[in-house]
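The values are calculated or read from the model by the stated rules, or taken from the named source; none is laboratory data. Predicted model only: the values in this text are computed from it and were never measured. Here Cβ is always computed from backbone atoms with ideal geometry, including for glycine, and neighbour counts include all displayed protein chains. In case anyone asks, the SASA skips ligands and DNA or RNA and just uses the protein heavy atoms, side chains included. Shrake-Rupley method; radii C 1.70, N 1.55, O 1.52, S 1.80 Å.
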Amino acid sequence: MSIVQMVVNGGWMGQEFSKKKNLAVVALWAALACTAGAQEAGVVDVNALPDAPSVHMAVPAATVLQGAQVEQLAGTTRPVAKKTDKFIPAGFQAQPLTARDKVNVTLRDIFSWESGVGFTLAAGYSQVTNGHPDYGSDKGAFGERLGAAAARDTSQDLFSGAIFAPILHEDPRYYVEGDSYGVVHRTLYAVTRPLITRSDSGHSRINGSLLLGYAAAAALTNAYYPGNERTVKDTARTYGASIGGAALGFFFQEFVDDALEAVHLHKRQLQ
């Protein structure tokens, strides 16, 4: 390369370097100016920045469905009963019910195997004693009694739990007292539940939903009971027997876990 070319090239490279240097200086001054402006305006608003990704500890659906998980978020260590349970075990926290929840609780109870057993026992007792309703004592009578028992008990549950409980803002569930109380206390508590219940706010009150619901169901039996058992007296007898049956049912629910545990057929739930 000739000396002239070197000088020319060197001058060109110097000019390029000078241009890049000037651009760098300008960029540096711009950055400093922006920084100074931000400092004069105050601290950068943190809330304006995008949120950092967070981990959401969502409670899985199985927690509620299992009904034995500990409700820590609500500040209690009591296990939580399933929302569809009609009978709340002793020591369990019950979830609040909406009107739709009360309908769901009622329907679940109606189509449970326990209800089927109840229909069968009621029809069997009436068949053996040839009692009310009087369909006779032949083979077909048991089927008629079974159908009548299913219709009566189903209408009782629907009227009391799915209709009147939402209207009157009453809790259609039964809360088991458990062995923290004496036998006499638990017995009196159970057999008086057809008359006394809880409001949605948790206060004790007259069980209007059950009393009115069972009255409506008793009146409805005049549509399918034998013609000779559709008098006011027969309807009143049906109503009284239904209230007594509800008391026996609550008594059974109060002590059934104790009985099964005594014969080692049931393990007590966490309290």
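Table for the structure above
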{"read-out": "Approximate spin-label separation F111-A219, in nm, with each point projected 7 Å along Cα-to-Cβ", "value": "2.9 nm"}
{"read-out": "Inter-probe distance in nm under a simple model that places probes 7 Å from Cα toward Cβ, at V128 and R230", "value": "3.1 nm"}
{"read-out": "Karplus (6.51, -1.76, 1.60) ³J(HN,Hα), θ = phi - 60°, over the range 226-236, in Hz, Gly and Pro reported as x", "value": "x, x, 7, 10, 10, 8, 4, 4, 5, 5, 5"}
{"read-out": "Exposure of S201 as accessible area (Å², to 10), given a probe of 1.4 Å and all protein chains", "value": "90 Å²"}
{"read-out": "Percent carbon-and-sulfur accessible area, the range 80-146, ignoring ligands, DNA and RNA, probe 1.4 Å", "value": "61 percent"}
{"read-out": "Solvent-accessible heavy-atom area per residue, rounded to whole Å², over the range 156-271 at 1.4 Å", "value": "55 Å²"}
{"read-out": "Net lengthening on full extension, L248/Q93 (0.36 nm per residue, minus Cα-Cα)", "value": "53.4 nm"}
{"read-out": "Relative contact order, percent, the range 92-229 [alpha-carbon distance under 8 Å, six or more residues apart]", "value": "27 percent"}
{"read-out": "Three-way shape call for the range 112-271 based on the alpha-carbon gyration tensor, with the a/c threshold at 1.5", "value": "oblate"}
{"read-out": "Percent RCO, i.e. relative contact order, over the range 173-268, from Cα pairs under 8 Å lying at least 6 residues apart", "value": "31 percent"}
{"read-out": "Length added when fully stretched, T192-T120, from 0.36 nm per residue minus Cα-Cα", "value": "23.5 nm"}
{"read-out": "Gained length - D138 relative to A259, 0.36 nm times residue gap less alpha-carbon distance", "value": "40.0 nm"}
